[in-house]
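Peer 1: Okay, handing you the structure first.
The values are calculated or read from the model by the stated rules, or taken from the named source; none is laboratory data. Please read all numbers here as calculations on a predicted model, not as lab measurements. Every residue, glycine among them, receives a Cβ derived from its backbone with ideal geometry; neighbour counts consider all protein chains shown.
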Amino acid sequence: MKGFVRAALAAVRPVDVLPSPNIWQWPEVYEVENRAQDVDGVIWQVLREACDWTGKDVVDVGCGDGFHLPVFAREARQVTGVEPHPPLVHRARARVADLPNVSAVAGPAQRLPLPDGSADLVHARTAYFFGPGCEPGLREADRVLRPGGTLAIVDLDGTAEPYGPWLCAGEPRYNPADVEDFFTAQGFVLRRVRAVWRFETRQDLEAVLRIEFSAEIAERAIAQTPGLSFEVGYRVHIRHKPSGLLLP
Ligand SMILES: C[S@@+](CC[C@H](N)C(=O)[O-])C[C@H]1O[C@@H](n2cnc3c(N)ncnc32)[C@H](O)[C@@H]1O
């Protein structure tokens, strides 16, 4: 094994990585899910208001197989996807192979393989930053951001019907209020967003709900969801790194 490959693999310790059965086990179904999510682009709109990445350097932490990288790449100067699960790093690299301003690297949020002060926007979507416990990743994002840069964390809103209650039913220890309090205490501003998930077929909609929830909750969600679309609430947590000295 070549030295740099061994070093890259050693940098990702399994203990750092939060299992994501949906995209790890069913990447093709997760692709369908990503295409269905936010069909009207309301999350993108909130992100753009927080930080216009035109001509800027963007990092996507926990980028999975890189679904969002090409979107940033349309206007960004450079986009770097960081992902700890090796099969997804390979998939992300294949996705962006023709995009000269995008790369995908192996690493966890706790140890980003990137230089200090090298990014203007650090984005993470439904990855790692789930509330208390993600402080090491917050510190890393701050290290990698330039002064004035933005950290934007997109996650599901456990308080928003109908998806939130399905989410919470599967995770009884998950308390959405605690998560929101955590990010507020860390200095983030919260924007709530309601996005529409719209599918091409009923089969796709049901397959996605089945990779997201236990069999029991998935069947309940399917029964409560006629048609091809439903709304999903998101939290977008935004924090800007101070751009100068803070005087007392
Ligand atoms: C639900 S997927 C979302 C992927 C991608 N952000 C998207 O929206 O398509 C969560 C991702 O977080 C990754 N992940 C798990 N532990 C992580 C960590 N410690 N740091 C960064 N990413 C992590 C998983 O491997 C997975 O790719």
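Peer 1: Which residues, taken from segment 90-108, are crowded, with 23+ Cβ neighbours inside 10 Å and free of Cβ contacts under 8 Å to residues at least 60 places away in the same chain?
Peer 2: Listed by number, the residues that qualify are A92, V102, A104.
Peer 1: Further question on the same structure: Does A76 satisfy being at pLDDT 95 or above, more than 17 Å from the chain's Cα centre (by Cα) and not hydroxyl-bearing (S, T, Y)?
Peer 2: Details: at pLDDT 95 or above: yes; more than 17 Å from the chain's Cα centre (by Cα): yes; not hydroxyl-bearing (S, T, Y): yes.
Here the answer is yes, as A76 does meet what is asked.
Peer 1: Of all residues being in a loop (DSSP other than H, G, I, E, B) and hydrophobic (A, V, I, L, M, F, W, C) in segment 1-45, which is modelled with the lowest pLDDT? Just the residue, please.
Peer 2: M1
Peer 1: Restricting attention to segment 111-137, and to residues there that are aliphatic (A, V, I, L, M) and over 14 Å from D57 (Cα atoms), which single residue is farthest from the chain's Cα centre (by Cα)? Show your work before the answer.
Peer 2: The initial filter retains those residues of segment 111-137 that are aliphatic (A, V, I, L, M), namely 112, 114, 119, 121-122, 124, 127.
Add one more test, that the residue is over 14 Å from D57 (Cα atoms), and what stays is 112, 124, 127.
Values: L112: 15, A124: 4, A127: 4 Å.
This residue is L112.
Peer 1: Checking E140 against (1) over 17 Å from the mean Cα position of the chain (by Cα); (2) farther than 21 Å from Q45 by Cβ; (3) crowded, with 19+ Cβ neighbours inside 10 Å: exactly one of these is not met. Which one?
Peer 2: With respect to (1) over 17 Å from the mean Cα position of the chain (by Cα); (2) farther than 21 Å from Q45 by Cβ; (3) crowded, with 19+ Cβ neighbours inside 10 Å, E140 is out only on (1).
Peer 1: In addition: Any chance segment 156-171 includes a residue that's in a loop (DSSP other than H, G, I, E, B), at pLDDT below 95 and charged (D, E, K, R)?
Peer 2: yes
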